[in-house]
Amino acid sequence: MENTRYIYSPVIKRKSLKWPNGARVALWVCPNIECFHIDTPITTGISGPPNPHLPDVQAYSLRDYGSRIGVFRLMEVLDKHGIRASVMLNADVCERYPTILEEGKKRNWEWLGHGVTNNLRMIDYPPEEERNIIRQVKETITAAVGTPPKGWLGPGLVETFNTPDHLAAEGFEYLCDWCCDDQPFPMRVSRGRMIGVPYEQGVNDILVLSRWQHTPEEYLRMVRDQFDTLYKEGAESGRVMCLPLHPFIIGLPFRIKYLDEALRYICSHEGVWRATGWEIADWYYRHYY
């Protein structure tokens, strides 16, 4: 079956992409702030299939650590480097962890839809309910933070064949599940409009540090090497660098300093646009869509 969501566009055949003020790299930092239910298997786990025995205290409590402590360490580091986060937000967080939203709103963070809870992916709902679930996520986040989310990342980056169409119909304008590029790209939807904004899996902390078992020092080197390549290429045509983060992974005491060091390195360069996801998407829509 052919992929018809977007066209094949080799980077060497594209028009040069220019960011604001001649920046080479658009940096956006994406904490995944999620809610898990103690009576439901954690299906987007990091170490194999979900534990069928409930409660899964080990998996649940690690994730709860992120909401109780890790996310606030993360806030301090982002504040230090003048970075506004673009949060992948489970709608259930709005009720369960209001303090996180209060602190994020003080910092003018952006909030993206990220499903209801990370216990459930979009394929876990009956097809006839999917659009209603997306609408529920949008309405819950809007009520909690005061503005509707424009971006979306599916729990586990999982979609059905209809997800992008439902998202566009509900007013979402950019999608992060399709990790196929270092620049934004247009996507086909049945109504409305949609672009993909790069969400880089190669330096995703949950993959690098937990699934692939790299050390924090190796994570730092990987992030720096990723940036160096994008920065070099960005001299000719702008690139996007995304840092996906999870408070229960990078927010642990022995890891947080390596995120601090990675951001210090990136932000020490000229021509780095510290953006949000919507700022990147909006620039692309206005100049290249």
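Throughout, read-outs are computed from the coordinates displayed, never taken from laboratory work. Please read all numbers here as calculations on a predicted model, not as lab measurements. Neighbour counts run over all protein chains shown; Cβ positions are idealised from the backbone, glycine included.
For this structure, a couple of remarks:
- Less than 5 angstrom separates the built amide H of Met187 from those of Met194, Ile195, Gly196, all sequence-distant by 5 or more or on a different chain.
- Given R0 = 35 Å, the distance between the Cβ atoms of Thr4 and Glu128 translates into a calculated FRET efficiency of 0.95.
- Length available on full extension from Arg107 to Glu236: 0.36 nm per residue minus the Cα-Cα distance, which gives 43.2 nm.
- For the stretch 77-84, backbone phi angles converted through the Karplus equation (6.51, -1.76, 1.60; θ = phi - 60°) give residue-by-residue couplings of 5, 5, 4, 4, 9, x, 10, 8 Hz, Gly and Pro being listed as x.
- Amide proton proximity set for Leu27, modelled H, under 5 Å, gap of 5+: Met241, Trp273, Arg274, Ala275
- In Hz, Karplus ³J(HN,Hα) per residue of the stretch 87-104 (6.51, -1.76, 1.60; θ = phi - 60°; x = Gly, Pro): 8, 7, 10, 5, 4, 5, 4, 4, 8, 7, 10, x, 4, 4, 5, 4, 5, x
- Shown in residue order for the stretch 250-259 are the 3J(HN,Hα) couplings computed by the Karplus curve 6.51 cos²θ - 1.76 cosθ + 1.60 at θ = phi - 60°: 6, x, 6, x, 7, 10, 4, 5, 6, 5 Hz (x for Gly and Pro).
- Amide H contacts of Asn32: Met88, Leu245, His246, each under 5 Å away and 5 or more positions distant or on a separate chain (H built 1.01 Å from N in the peptide plane; Pro and chain starts excluded).
- The chain: Cα Rg divided by the 2.2 N^0.38 Å rule of thumb: 0.96
- In the chain, helices alone account for a calculated mean residue ellipticity at 222 nm of -10000 deg cm²/dmol, with every DSSP H run of four or more residues adding -39,500 (n - 2.57).
- Evaluated with a Cβ-only charge set (Lys, Arg +1; Asp, Glu -1), the stretch 68-132 carries a dipole of roughly 420 debye about its Cα centre, given to the nearest 20.
- For the stretch 19-287, a simple Cβ point-charge model (Lys and Arg +1, Asp and Glu -1, everything else neutral) yields a dipole of about 540 debye relative to the Cα centre.
- By other beta-carbon atoms within 10 Å, ranking Arg131, Arg188, Arg286 with the fewest at the front produces Arg286, Arg188, Arg131.
- Order of Arg274, Arg191, Arg96 under a 10 Å beta carbon neighbour criterion, fewest first: Arg191, Arg96, Arg274
- In terms of other Cβ atoms within 10 Å, Ser16, Ser9 run from fewest to most in the order Ser16, Ser9.
- Under the criterion of Cα pairs below 8 Å and six or more residues apart, the relative contact order for the stretch 19-287 equals 29 percent.
- Cross-link reach list, lysines versus Lys15, counting only Cα pairs under 27 Å and skipping chain neighbours closer than eight places: Lys150, Lys232
- Dipole magnitude of the stretch 1-111, debye to nearest 20 (Cβ charges: Lys/Arg +1, Asp/Glu -1, about Cα centre): 940 debye
- Eligible aspartates and glutamates near Lys138 by straight Cα distance, threshold 16 Å, same-chain separation 8 or greater: Glu34, Asp92, Glu95, Glu110, Glu129, Glu130, Asp165, Glu170, Glu173
- DSSP bridge orientation in the chain - percent antiparallel, rounded to nearest 5: 10 percent
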